[in-house]
1. Students often forget the sequence filter, so: which lysines lie under 27 Å Cα-Cα from LYS48 once same-chain residues fewer than 8 apart are removed?
2. Which distance in Å, rounded to a whole number, links the C-alpha centroids of segment 1-35 and segment 106-152?
3. Count charges around GLY72 for me, please; just the other residues with Cβ under 15 Å from its Cβ, Lys/Arg as +1, Asp/Glu as -1.
4. Eigenvalues of the Cα gyration tensor times 5, then square-rooted: what semi-axes does that give for segment 149-271, in whole angstrom, largest first?
5. Just order 205-215, 28-38, 121-131 by mean Cβ neighbour count inside 10 Å, highest at the front, would you?
6. If each residue of separation counts as 0.36 nm, what is the full-extension length gain between HIS75 and LYS97 once their alpha-carbon separation is subtracted?
7. Could you work out the relative contact order of the chain? I mean the mean sequence separation of Cα pairs under 8 Å and 6+ apart, divided by the number of residues, in percent.
8. Treating only the Cβ of Lys, Arg, Asp and Glu as charged (+1, +1, -1, -1), what charge dipole size does the chain show about its Cα centre? Round to the nearest 20 debye.
Amino acid sequence: MTSLTLTAAKTFVWTPLPEAAAPGPNEALVAIRAIGICGTDFSGYLGKMPFIEFPRILGHELGVEVLEVGEGVTHLQVGDRCSVEPYLNCGTCHACKRGSTNCCETLQVLGVHCDGGMRERMVLPAHKLHACNALGFEQLALVETLAIGCHAVNRARVTAADDVLIIGAGPIGLTVLEFARAAQAAITILELNPARRAFVEQNYPGVTVVAAVPEGAAFQIVFDATGHAGSMAGTLKYARFTGRIVFVGITKEPVLIDDPLFHRRELTLFASRNAVASDFPRILGMIQSGQIDTRPWISHRCEFKELPERMEAWLLPESRVIKAVVGVENDECSMSNE
């Protein structure tokens, strides 16, 4: 079996792996069929993701097919198509006991803290697989991305009475947009990239899209999806008195808070990390019903064997990537480092 291993910044190596073992109790053996490429993967590839150490097999946005189930698994059958909840939590720490499994004190995220899905097959805890045979593998691979926005909007308690500013119209910003829209909030997107502004204007009628926030404008809820320390610090000036701010993106740099402004407006600042299990079936249902259409998102595709060459090109601004998805062939991949 072959995997694609990131051995250093900008260095992918095809690596042979032992064949995946038979699943144990409460486990399932799956074939990886589709892999979504997200900002975490790009940051890891560039050596800028603080939680990724080399060598690492990336890949946490996964659409998979069940090949075999272990003893005690009753909610899955061979052949099921599944989305993967890639957050491996302990179940016993303070956060897990409170239901915040996304913040487990020893959390291991596939493709980040531990090896992920850029391989052909792997064994996973069965309860981390969410089956939905009505959807294709590409759609299933996008569920985890959507879950990030779902959780962030839940954190902020967005309602139809709120006006919302989303800073950044990359994939994570778009997931926030989907769930703020589902909550029927009034939405403004702040995005500097004209191609991304055009994408939102074309696909999200009724959403206001700006390259700069008008002087004096303020919003009840501000989401920052840029992962840029300067942008994150600047969110305070856009939040109205009693407003709420959510940091969805992550940065290695310190974020400077204007404390007098923070106190004067009595703002509330939230971090939003990952998602929880209940987000996944909700999202699967929303895609099935047509409430969320993932098709416009996928701007770039490639096969697994092409990924090392494509990754560098997708980083270029002129590539205009919204979302890239990698297809993994059914048969044993024949790849080498030559």
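Each reported figure results from applying straightforward, stated rules to the coordinates on display, with no laboratory input. Here the structure is a predicted model, which is why all the values come from computation and not from measurement. In this analysis, Cβ positions are derived from the backbone assuming ideal geometry, glycine residues included, and neighbour counts consider all displayed protein chains.
1. Here the lysines satisfying the reach criterion relative to LYS48 are LYS10, LYS252, LYS305, LYS323.
2. 14 Å
3. Details: positive: LYS128; negative: GLU27, GLU68, GLU71.
With Lys, Arg at +1 and Asp, Glu at -1, the neighbours total -2.
4. Details: eigenvalues 86, 50, 38 Å².
Each semi-axis is √(5λ); the values are 21, 16, 14 Å.
5. Details: 205-215: 11.4, 28-38: 24.6, 121-131: 20.5.
Final packing ranking: 28-38, 121-131, 205-215.
6. Values: separation 22, 0.36 × 22 = 7.92 nm, distance 2.33 nm.
Computed gain between HIS75 and LYS97 is 5.6 nm.
7. Working: 759 pairs, mean separation 59.6, N = 338.
Normalised by residue count, the contact order of the chain is 18 percent.
8. Once rounded to the nearest 20, the dipole reads 1080 debye.
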